[in-house]
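First the structure, in the form of structure tokens, and then the observations on it.
The values are calculated or read from the model by the stated rules, or taken from the named source; none is laboratory data. What you see is a predicted model; the values in this text were computed from it and never measured. Here Cβ is always computed from backbone atoms with ideal geometry, including for glycine, and neighbour counts include all displayed protein chains.
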Amino acid sequence: MSAVTLSGISKSYGAQRVLDSVDLHVPDGSLTAVLGPSGCGKTTLLRIVAGFVRSEAGTVSLGDRVVESPGTALAAEKRGVGYVPQEGALFPHLDVAANILYGLPRGRRSKTRLAELLDLAELPHDVARRSPHELSGGQQQRVALARALAPAPRVILLDEPFSSLDAGLRVSAGRAVRRVLRHAGATALLVTHDQGEALSLADQVAVMRAGRVVQVDSPTALYAHPVDPETATFIGGATVVSGQVRGGVALTSLGDLTVRAEDGPARVLVRPEQVRLVELAEAGVHGTVTEVSFYGAQVVVHLDLADGTPVTARGSSAHTPESGEKVGLLVEGAVVAYPESSQ
Ligand SMILES: Nc1ncnc2c1ncn2[C@@H]1O[C@H](COP(=O)(O)OP(=O)(O)O)[C@@H](O)[C@H]1O
Ligand SMILES: [Mg+2]
């Protein structure tokens with residue numbers, strides 16, 4: 001095991017700055033998700049840590065060893081880093097056993113090690129002689145992970161490991177991969193564009209935007225206190241309204257909301273689960289339902305306030321309003337405010 005520390009990492013392709021002074025610390029033995037939209041530089045970042053791409057500035061340290069700096073670069077195979085590329089990249093013509101053992105030097109490709117790795121990756125031993133295409137997507141993912149874990153790397157890098165799986169499989173595959181990583185004791189860096197995946201799996205989430213890391217936090221802290229409205233909207237449903245903060249209260253079109261912020265004009269973040277729909281007479285703020293999305297246990301309701309402000313509410317489907325209905329709105333709990341001048 002070892003921590004991964006990136007400091008001031010920059011990289012350009014031609015005139016395009018793909019990574020712009022990225023700082024990130026991945027604690028020993030933790031699982032950190034790098035979350036960002038497509039094209040923001042996630043894969044490039046992973047490939048620099050792996051040693052497949054050189055950075056132009058900054059350093060990468062594994063434990064207390066600098067493996068990448070402007071003057072030096074330790075060869076990829078000497079870094080003790082396992083890499084699971086985006087599409088898993090199993091060899092289609094090799095069986096599962098050969099795929100997994102490919103990660104080891106010839107002299108260490110034993111039946112015992114294979115059995116250990118199958119167990120570690122929660123794969124039944126009878127898949128060893130099968131071809132990759134005879135496995136489910138989730139099993140293929142775990143074979144790719146077992147191959148990367150074969151030489152017992154201190155650090156493991158996963159590039160969008162669940163992107164090729166059906167939505168229904170992703171949650172269970174994600175939990176399985178997390179168990180495997182915990183069991184292996186490796187420090188893991190997992191790249192994804194999926195907010196739910198990052199929040200549900202990782203110990204720590206690093207949000208990337210246009211080549212920069214904009215926030216690093218625990219999933220709960222990130223969701224509760226996003227660094228700016230753009231990050232807030234990216235990592236969950238959000239209604240952002242303008243308002244005036246005065247003495248711990250934000251005056252907005254959604255009512256007077258409790259907030260911890262300096263006085264002055266602000267943009268105010270309200271999460272959909274904070275918006276409760278009530279009888280008209282019970283609330284000073286009213287809205288008209290424009291769209292209802294039913295998800296079984298939960299329902300997401302889109303509304304317009306009288307002044308046209310769109311608001312999203314999420315709650316139990318036990319109380320599902322109709323499109324066109326007028327309802328009262330109450331905002332529960334404290335909200336987050338961003339001073340207007342800082343934007
Ligand atoms: N080898 C390369 N040559 C030129 N441009 C590249 C190369 N690799 C990545 N890029 C560009 O760098 C940007 C970031 O790419 P990438 O790191 O793959 O982002 P992500 O994984 O977040 O989708 C993109 O605009 C991409 O086109
Ligand atoms: Mg990518």
If the requirement is being on the phi < 0 side of the Ramachandran plot and exposed (fewer than 15 other Cβ atoms within 10 Å of the Cβ), which of these qualifies: Glu273, Glu279?
Glu279
Those residues of segment 323-343 which are surrounded by fewer than 19 Cβ atoms within 10 Å (Cβ to Cβ) and closer than 21 Å to Leu269 by Cα amount to Gly328, Leu330, Glu332, Gly333, Ala334, Pro339, Glu340, Ser341, Ser342, Gln343
Can you find a residue in segment 229-248 that is more than 27 Å from Leu35 (Cα to Cα) and touching a helix residue (DSSP H, G or I) at 6+ places or on another chain (Cβ under 7 Å)?
no
Evaluation of Ala3 against (1) crowded, with 19+ Cβ neighbours inside 10 Å; (2) at pLDDT 95 or above; (3) closer than 16 Å to Pro153 by Cβ (one fails), failing number:
(1)
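Applying the selection to segment 309-324, what residues are aliphatic (A, V, I, L, M) and without any contact (Cβ under 8 Å) to a residue 24 or more places away in the chain? Quick ask: steps written out before the conclusion?
Going through segment 309-324, the residues aliphatic (A, V, I, L, M) turn out to be 311, 313, 318.
Across segment 309-324, the qualifying residue is only Ala318.
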Selection from segment 294-309 of residues that are in a strand (DSSP E or B) and surrounded by 13 or more Cβ atoms within 10 Å (Cβ to Cβ):
Gln298, Val299, Val300, Val301, His302, Leu303, Asp304, Leu305
Scan Leu104, Leu45, Leu35 and give me the residue that is away from ligand 2 (no atom under 13 Å from the Cβ) and among the hydrophobic types (A, V, I, L, M, F, W, C).
Leu104
Just checking, how many residues over segment 238-256 are closer than 21 Å to Arg314 by Cβ and assigned to a loop (DSSP other than H, G, I, E, B)?
3
Candidate set: segment 26-47, residues that are closer than 17 Å to Ser7 by Cβ and in contact (Cβ under 8 Å) with a residue 40 or more places away in the chain; chosen: the one farthest from ligand 1 (Cβ to nearest atom):
Asp28
Being more than 16 Å from ligand 1 (Cβ to nearest atom), at pLDDT 95 or above and over 30 Å from Phe234 (Cβ atoms) narrows it down to one residue among Leu90, Leu74; which is it?
Leu74
Complete set of residues in segment 33-47 that are hydroxyl-bearing (Ser, Thr, Tyr) and under 15 Å from Asp23 (Cα atoms)
Thr44
Conditions (1) under 24 Å from Arg182 (Cα atoms); (2) within 16 Å of ligand 1 (Cβ to nearest atom); (3) among the hydrophobic types (A, V, I, L, M, F, W, C); (4) at pLDDT 95 or above: number failed by Val53
(1)
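From the list Val143, Val155, pick out the single residue that is crowded, with 19+ Cβ neighbours inside 10 Å, more than 19 Å from Pro92 (Cα to Cα) and in contact (Cβ under 8 Å) with a residue 40 or more places away in the chain. Before the answer, list the steps.
On the way: Val143 fails: more than 19 Å from Pro92 (Cα to Cα).
Val155 is the lone residue from the list that is crowded, with 19+ Cβ neighbours inside 10 Å, more than 19 Å from Pro92 (Cα to Cα) and in contact (Cβ under 8 Å) with a residue 40 or more places away in the chain.
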May I ask you to verify whether Leu165 is in contact with a strand residue (DSSP E or B) (Cβ under 9 Å, 6 or more places away or on another chain) and buried (at least 18 other Cβ atoms within 10 Å of the Cβ)?
no
What's the number of the condition Thr320 fails, among (1) polar (S, T, N, Q); (2) part of a strand (DSSP E or B); (3) surrounded by fewer than 17 Cβ atoms within 10 Å (Cβ to Cβ)?
(2)
